[in-house]
Structures are given as structure tokens and as C-alpha cells.
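As C-alpha cells, the structure follows; a few thoughts come after it.
The values are calculated or read from the model by the stated rules, or taken from the named source; none is laboratory data. Remember, it's a predicted structure, so these values are computed and weren't measured experimentally. Note: ideal-geometry Cβ built from the backbone for every residue, glycine included; neighbour counts use all protein chains shown. The accessibility values were calculated without ligands, DNA or RNA, using every heavy atom of the protein model including side chains. Shrake-Rupley method; radii C 1.70, N 1.55, O 1.52, S 1.80 Å.
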Amino acid sequence: MTKFTLTTLGAILAFLSTTNGFVIPSTIRGETALSMNKKKTKPRKSGGGGGGFAKKATAINIKTKKKAANPDFTYAGSIRPFPQSPTRIVDPAAVLSIPDYAIDGVPKKRGSAYEIEIKTPEEIEKMRKSGRCAREVLDIAGRLVKAGVTTDEIDAAVHAACVERGAYPSPLNYRNFPKSCCTSVNEVICHGIPDERPLEDGDIVNIDITVYLDGYHGDCSEMFCVGGKDAIDEKGIKLLQTTYDCWVKSMELVKPGVNYNVIGKTIEDYIKAEGFSTVRSFCGHGIGSVFHTAPNIFHYTVNQDLQEMQVGHVYTIEPMICEGFADPYMWQDDWTATTADGGRSAQFEHTLLVTEDGVEALTGKIETSPLQFWEEESAIRKGIWLGTTPTPQLNYFDAPTSHLTSKPSKAKSKMPLHKYCTRVLHMVSIRNGSSYRGGSRSPLWLAYLPQIVMLFLVATTCFYSGILVGMKMNAAPSEQSRSTTLSVDEVEAEVLRRLKLQQKEIFEKMPEEEAKRYGDRAFTQMMYAKIVTVQLINRMGYDVLFQDVDLVWYKNPLPFFHDKENPSHNFDILFQDDGARSLRYAPYSANTGFYYVRNNDKTKFLFRSLLFLGDMVLSMTSHQQALAALLDEHSSLTGLRVKTLSGSEFPGGYHYHRKKEIDFMRDIATGKHIPYLLHMSWTTNKANKLLFLKQMGLWYTSEGCESGGAVDLAKDSSGTSLQQKCCSAEALISCHYRDKPSTHACNGQGKNIDVKGKPFW
């Protein structure tokens, strides 16, 4: 009987079998027993064995041997292999370390088959960093998922993102696997090899990322929908939701003393009730300095005791849930495992640490991670499950630089800015479908400065890559064009010179009218102007104190900021906390009344990076989320230290508007307590904010000078100064809202601004 006949027979048998696990014999499937998640046919009581591959490897040098394809091979579903690009190479000098299989594909270091390793505090800290790195890379990959993008393009971005972080992409050449990540589309259960097939609307894609950073692996995967939820049919939506919910439900049971068998039982009981099946041929695994080790994590019911979880155990939970039959059908590449009946499969994965009081997701989502519909609609836990992973302090300053072709002539910092800049350029190019060049796809205000911004982008990217950039710069109107080779300092000096020449044109036109609402065109223009202003002042060598217009200082804050005995002096940026706890501002509550920026290499890098996120500012209609994302990233990228100031010295909207803060606000209103500032925030509009200021005794401008009145008075040639006409030596106090803080009792004056507001006094 021919192989075609045997394979076809196997597919027919799979269709006729029950969901309880008819397994096609490997001789029929033409399958080699292999897996990145160790295939196990029989569980051991110890729970050991590890998740290594069983495939025999041959010593080859980052090149995979491809056996001749059988043209008569039958595929179970609609997905077909497409051509693959050449295997990508990692320069060992560009990463902190490489795994022992990186050169010849053969893992040398093996964990215990049965004994589960208890990680030391030092090992756990390294795994936090590798886990965080894996999460960042996975988020980057996920943002690229859209119709027309190939999985090979995603693999290229993953490869670059890993290397930029000093990490080696763990799958690359592991047992001769040819790519840097796994991309499994529709019926592919796991280990799909990225290729040149364009993604299509309605596809569901699992992207599996593992990184090897400083000697330790971090492993995670997630599902993504091409075209979003609206492009997926109801059964596909149910599959994704059920897979996510059973996964979260199993993770929430993790704690010391729990038997490992509860994971599989929890998963299988949950998905069976929804009409789905769980893959038995692949499993989760222990992880650390070895890619796959003990314990095996079974995603189905095991009717025997396994080992118990202990503090310091680290492993993955990664259930693979299928629409129909869960038996894998192997492609000829000996890697790609699909369902035997062509039904779709879904999977999620975290690297988990057992802690004294539960579980820590070492690859847990971070505050900038995208929110998926299954997280919003979860029956188990709504919203992003962040785990309990703290932000690690990755020291990228110490990354090796021997791979640079040359060194800059005037480098003042070891900060490898080229890693960040090239990544930003790549992401912008992918998002916009073209290079980043200003204009209609860029922020509105950026259109005024296309040459300047591109000058920054090109110069800093090339300069910090160790290559001095030669470029033609348009001269000032009175000069001729000149060709020169510039350092980054000279480039920025040229930018400042150009701004001085163009400031009249730029700032007279922007904005031509005030913002009518938060996030409109004028508001967004001003936000980008704010970014440019802070960046330039910071670059000129000054500390920057930037504040909202409605923030009022009671005391001079500069002695506080400059006091070297003050614990806050050790922080690079200080924010005032206005009490907003929206996820968009996490983790630093960057929706703030002011920020104080110390001038150093870290803050220069931060605000230069913020300058490059113009497209994000435009899409979010504010700079705040872009800033929050960078703060989070730079705290790990460069060790940037951020402090949010709150409490009695820096009160904000939380104190002004919350009822339980009435006594505190009375002390301020009566002068019993004098804070550094008051930023009331949280107001309906500008007019209503003005009334708050008036009744707090913080308004010194006469009524005739409000709005446009001052403009008319300024034209008066009577000789009286505008200051004399408009400014009062004493606060102009009046009551407007009796349920808001005021310097004295309103005695029945005013009205309530809150529906159920009670008198403040």
C-alpha cells in the first residue's frame, strides 16, 4: 500500500473516531515523535521528563536539511506550506549569551528527567528578565498581525526584537528548527514554521515566542485574530474564549502543595462542557537554563497523583484546544502539527513561577499589552491578567558592542540608542505601510518639521550604530547647500538653528484656534508641540519643569527638587499624581499635573524616543499614552528611575474631588496646611475650572481681563500697564459650587455641581 493510501486511511480513521482520543499510529501519520513541548504517551508519577524533543538531530551549522517533499501528501485542512526565506543568523557578539545548540542544533545540557528544579532567587530574577523580554517581543509580533502580512515578516520582526534586547530567539536551530518563532494558523496545533503565506481576514494565529537571555529561557504564546473579532465566525470566537478561560482557570489554581494533576483535569472538564477537545500529544514543561525539562504539564485528566507544586518551581501551562479531533497530523517538514480533521486549534501560554502565596506569571502581560476580546469577555477573569511580575531592571548599557563596525567619534554615552531607533523605524514602517516621512500619515504638527524629524531619525540611528552619517543638509536661506559628515551633537545643534529660523512660521500657525475638546486637532497639535519643547530644552542641558496651566504653586518647588538629601533626588523624573488609575496611564499614573525632568543621558534618550512616536500621539490624540509606554519600557531598557509624588505635599484631583478628603481640603482652604501645589484636575471644562480656582482663592485676574478682554485693554494707549489694569494684589474670591472646596462657607450661595453633592462646609 502506498504512503498516499496509508495517509488517507489515517485521516478517514480520525474522522470516524471518538473525541476521547483515537490516536493515529505514527506509521500511518508518517510522524517522528517530536515537540517543543515534549510529546509524552504515558504520564509518570514523578511529573518529570521535561519538554525536550525526541527527534534525532544531526550536527549542521544553522542550516536545516530539507527532505524531498512528497507531491502526493494529503493535508488535513486548508493551510499549505509556502516558500521559506533563508534561516536568519544571530551574531553571538550581539546578544548576552547563546544556547548550547545554537551552532549545531544539538542541545547538550539536559535537565533531570523526573526531579523538578527549585530555582534560586538569583535564577528567578534572571527568569523575570527573560520572561519580560519574551512578553515584549510577543506584543511586538502581535501588533503586526493583519491581512497581507506574512508569518515570515513576523518572524523577521521577532528575530530583530530579540537581538535588539540582547536575547537569542530560542527556537532558532533548536533540533534544527529553521526559524526564530512558531506561527500556527487555523488548523495548525503547534510548531508552524513561518513562511511567505500572507495572512487572511478570518485567520486565527498562535505566535509562540521563547527568548534566551543571559542564560535563561522565557516562553509564552498568544492567539491573534486577523481582521479582529468581526472577521471570526461564532464557533471560532467560542473556541478562542474557551481556550483562554480554561487556561486562566488552571493558572489561578497554582500554589504550593497543589498536585500537578489538577491542571489537566481543570482544563479538560472546562473545555469538554463547551464541546471541544484537548491535545494529549503535546504538553507544558519545566523551563530555566534548559529549554524543556521536568515537570511535564498535562492538559488533560491524569487519574493518578503526580508531584506537588513547591515554591521555586517554574514551568509553562499551554493548553492546545481543538474544535474537533485533537489528534495531531504531522506535515512532511516533521515540525508542523495540524489537527487530523482540519478543525481549528487555539493555544495560550505563560511561564509561571510558584510563589509562597500563589503564582507569578513571568511572561505576564504588561500595561502596554493589547487588550483582546476574550480578556474583556472572560467568564473567569475580565481584563488583562497582568500576573504579579514586577518591572525588571534590564541593564542594556552593559550589552556587548563588539559587533559594531566602528565607533562614533563623539559618543558621550554607552546607551545603544540604535537598538531602539531602528526598532521604532521598523514598527512605524510596518504600521503605516511605508517609510516614516512626515505628511498625512504622521502627526499633524509633524508636517511642519519633516526635514528636522527625519534628520533626527537618520542621524541617531546611524550614529549609534557606530557609523558616522554623511548627509546633505539644506542650508539656511542665505547659505548654499553643503555636504558634511556630522556627529549627533552637531546634528542636534543644526536642528536648534533651524528651529530658530523657522519658529515664527511654526508657532504663529499652531494652533490657530483653541481646542474645543480633549483630543481634537488643535489639542493633538499642542501635545506634539509639548513633546518638541521639552525635548529641545532637555537636549540643551537644562532640567525641565513642565506643568498644566491650571496647576497653582503655593510654595517654590525647586529647593525640594534640588535637595540632595531628599530621597526623591535619586529619581530621573518626578510626576505629580492626580489620582487617575486608568490603565492607559499605568504604571506611573502619567496623567499628571506636572513633571520635573533631570537632565541626564537617560532622560535625553527618553524624550528623543518620544519625539519619534508621533504616529502614536496622533492615533491616541494625546502624548500621555505614548509617554506611559516609554516610561515602562525605558525603566527596563536603561534603568530610568521614575517617582510619582502624592500625599499631603502634592495634592491633586483625588484630594480635591473625593468626599473623604474634606478635612484635608479644609486645612488647605483655611491655611492650616500649605502644600507645594494644588492641581484640581477632573473638571468638566475650562469655564468650570475657572470657577473652582476663584472659590479656592487662587484667582488674581479681574473679570474684565478674562477671555479676550485683555487683548482689547492691551491696545489702550492711555499709559496704564496691562498689569495694573488686570492684576489684583489680593485673591478675587467668589462662591460658585457649594459642594466643592472653597476658602470660606458659601452660606447658601452657588449650586451643586455633583448630582448628590453635599455642602463642603
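Structure notes:
- Charge dipole (debye, nearest 20) of the stretch 274-333; +1 at Cβ of Lys and Arg, -1 at Cβ of Asp and Glu: 140
- The stretch 260-294 and the stretch 116-179 have Cα centres spaced 21 Å apart.
- A Förster radius of 45 Å combined with the Cβ-Cβ distance from Lys108 to Ala273 puts the calculated FRET efficiency at roughly 0.50.
- Between the amide H of Ser378 and those of Gly383, distances stay under 5 Å, these residues lying 5 or more places away or on another chain, with hydrogens modeled in the peptide plane.
- Apolar share of the accessible surface for the stretch 515-647: 55 percent from carbon plus sulfur atoms, 1.4 Å probe.
- Taking only alpha carbon atoms, the stretch 260-392 gives an Rg to Rh ratio of 0.97, where Rh is the Kirkwood radius.
- Heavy atoms of Val254: accessible area, 1.4 Å probe, square angstrom to 10: 0
- Whether the stretch 123-221 is rounded, prolate or oblate, judged on the alpha carbon gyration tensor where a/c under 1.5 counts as rounded: prolate
- Spin-label pair Ala731-Trp553: with each label point 7 Å from Cα along the Cα-Cβ axis, the two points sit 1.8 nm from one another.
- Amide H contacts of Cys182 (H built 1.01 Å from N, under 5 Å, at least 5 apart or other chain): Asp208
- Sequence of Lys740, Lys751, Lys758 from largest to smallest accessible area, 1.4 Å probe: Lys758, Lys751, Lys740
- Residue-wise HN-Hα couplings along the stretch 186-193, as the Karplus relation 6.51 cos²θ - 1.76 cosθ + 1.60 with θ = phi - 60° gives them from phi, are 6, 7, 6, 6, 6, 6, x, 8 Hz; Gly and Pro carry x.
- Annotation: amide H-H contacts under 5 Å for His285 (H modelled 1.01 Å from N, sequence separation of 5 or more, or interchain): Ile297, Thr316.
- Gain upon complete extension [Lys238, Asn685; 0.36 nm per residue less C-alpha separation]: 156.6 nm
- The stretch 578-689 - Debye-derived log10 I(q)/I(0), Cα point model, q = 0.11, 0.16 Å⁻¹: -0.45, -0.84
- Per-residue ³J(HN,Hα) for the stretch 112-124, Karplus 6.51 cos²θ - 1.76 cosθ + 1.60, θ = phi - 60°, Hz, x for Gly and Pro: 5, 6, 10, 7, 7, 6, 9, 6, 7, x, 5, 5, 4
- In the full protein context, the stretch 277-377 carries 22 Å² of accessible surface per residue, based on a 1.4 Å probe and ignoring ligands, DNA and RNA.
- Proximal charge balance of Lys365 [Cβ under 10 Å; K/R count +1, D/E count -1]: -3
- Expressed per residue, the C-alpha convex hull volume of the stretch 65-175 stands at 176 Å³.
- Sorting the segments 545-556, 189-200, 208-219 by their mean number of nearby beta carbons within 10 angstrom, highest to lowest, gives 208-219, 189-200, 545-556.
- Per-pair calculated FRET efficiency, R0 = 41 Å: Leu371 and Ile674 via Cβ, rounded to 0.05: 0.45
- The fraction of Cα-Cα pairs per 10 angstrom bin, counted from 0 for the stretch 623-761, comes to 10, 31, 26, 21, 11, 1, 0 percent, rounded to whole percents.
- Set of the stretch 558-581 residues, backbone N closer than 11 Å to the point 7 Å along the Cα-Cβ line of Lys659: none
- Spacing of the two label points (7 Å from each Cα toward its C-beta) at Ala515 and Glu565, in nm: 4.1
- Rounded to two decimals, the Cα radius of gyration of the stretch 507-648 over 2.2 N^0.38 Å is 1.04.
- Residue-wise HN-Hα couplings along the stretch 153-163, as the Karplus relation 6.51 cos²θ - 1.76 cosθ + 1.60 with θ = phi - 60° gives them from phi, are 5, 5, 4, 4, 5, 4, 4, 5, 5, 4, 5 Hz; Gly and Pro carry x.
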